[in-house]
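The values are calculated or read from the model by the stated rules, or taken from the named source; none is laboratory data. Given the structure is predicted, the values throughout are model-derived calculations rather than measurements. Methodologically, a virtual Cβ is constructed for each residue, glycine included, from the backbone with ideal geometry; neighbour enumeration extends over all protein chains shown.
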Amino acid sequence: MKKISVLFVCLGNICRSPAAEAIFISLIEKNGLTDGFIVDSAGTGSWHIGKKADSRMRIAASRRDLNILSRARQITSKDFDQFNYILAMDDSNFRNIQDLKNRTTSTDFSSINKIQNFRSVFNEQEVPDPYFGGDEGFDYVLDILEDSVSGFLASIS
Ligand code: 4NP
């Protein structure tokens, strides 16, 4: 059977989208669905290409038994042909993804959405950027994403 491919996207690809990716990977593992998916994350920006996720996010995630292994990369027009679902963390990411799509001749295979459209517990319309804030912001991002990422998985399964 053809795998379902999912790409989580934020600005730097070192805080929010690697966390969303790790939460999704953990959820599909727990549900015996790993073989059915290709999962990745990317940033709209290029500053952190090749870097590990921010250590503050890796530490907060490890307290929840989530292992963030990804290395930052930038989204490219090829991603529109390769991923079924592209999920933006905030409105700015969403607009930047749409702008990139409009500048390319992609076959537009992807469904582009905001991850917070799948929320049920938290009211946040966007996943707040924790990069310039304190450690508690990283835990809050994980709380929000555990809710909306599981809502997304439920919506497609
Ligand atoms: P992310 O967080 O988009 O969740 O990875 C950020 C990481 C780095 C920067 C901004 C946001 N930055 O400005 O370098």
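None of D129, D91, D135, D99 is charged (D, E, K, R), surrounded by 13 or more Cβ atoms within 10 Å (Cβ to Cβ) and on the phi < 0 side of the Ramachandran plot except D129. Out of curiosity, is N13 of a type in the set (S, T, N, Q), under 30 Å from R103 (Cα atoms), surrounded by 24 or more Cβ atoms within 10 Å (Cβ to Cβ) and at pLDDT 95 or above? Against the criterion (of a type in the set (S, T, N, Q), under 30 Å from R103 (Cα atoms), surrounded by 24 or more Cβ atoms within 10 Å (Cβ to Cβ) and at pLDDT 95 or above), N13 qualifies. How many residues are acidic (D, E) and over 14 Å from S17 (Cα atoms) if we restrict to the range 100-138? Of the residues in the range 100-138, 4 are acidic (D, E) and over 14 Å from S17 (Cα atoms).
So which residues in the range 106-136 are assigned to a helix (DSSP H, G or I) and either in contact (Cβ under 8 Å) with a residue 60 or more places away in the chain or over 26 Å from K30 (Cα atoms) (or both), if there are any at all?
Correct list: I115, E136.
Between I49, I59, the distinction of being within 16 Å of the ligand (Cβ to nearest atom), over 11 Å from the mean Cα position of the chain (by Cα) and part of a loop (DSSP other than H, G, I, E, B) belongs to I49 only.
Taking the condition within 19 Å of T104 (Cβ to Cβ), more than 10 Å from the ligand (Cβ to nearest atom) and surrounded by fewer than 19 Cβ atoms within 10 Å (Cβ to Cβ), does R73 pass? Before you say what the answer is, go through the steps one by one.
On the way: within 19 Å of T104 (Cβ to Cβ): yes; more than 10 Å from the ligand (Cβ to nearest atom): yes; surrounded by fewer than 19 Cβ atoms within 10 Å (Cβ to Cβ): yes.
Yes: the conditions hold for R73.
Out of the residues in the range 1-29 that are touching an Asp or Glu at 6+ places or on another chain (Cβ under 7 Å) and of a type in the set (V, I, T), which is nearest to G43 (Cα to Cα)? Selected residue: I14.
Looking only at the range 1-33, residues that are within 17 Å of S55 (Cα to Cα), in a loop (DSSP other than H, G, I, E, B), out of contact with any Ser or Thr (no Cβ under 7 Å at 6 or more places or on another chain) and of a type in the set (A, V, I, L, M, F, W, C) come to 2 in all.
Within the range 85-105, the set of residues being in contact (Cβ under 8 Å) with a residue 24 or more places away in the chain and among the charged types (D, E, K, R) comprises D90, D91, K101, R103.
Restrict the check to the range 83-96 and report whether at least one residue is outside any loop (DSSP other than H, G, I, E, B) and among the aromatic types (F, W, Y). Within the range 83-96, one or more residues are outside any loop (DSSP other than H, G, I, E, B) and among the aromatic types (F, W, Y). Pairing residues of the range 49-71 that are on the phi < 0 side of the Ramachandran plot and among the hydroxyl-bearing types (S, T, Y) with residues that are within 12 Å of the ligand (Cβ to nearest atom) and in a loop (DSSP other than H, G, I, E, B), at Cβ distances under 7 Å and at least 6 apart in sequence or on separate chains, gives S70/A53. Residues that are within 10 Å of the ligand (Cβ to nearest atom) and either buried (at least 19 other Cβ atoms within 10 Å of the Cβ) or of a type in the set (G, A, S) (or both): does the range 21-34 have at least one? No, that holds for no residue.
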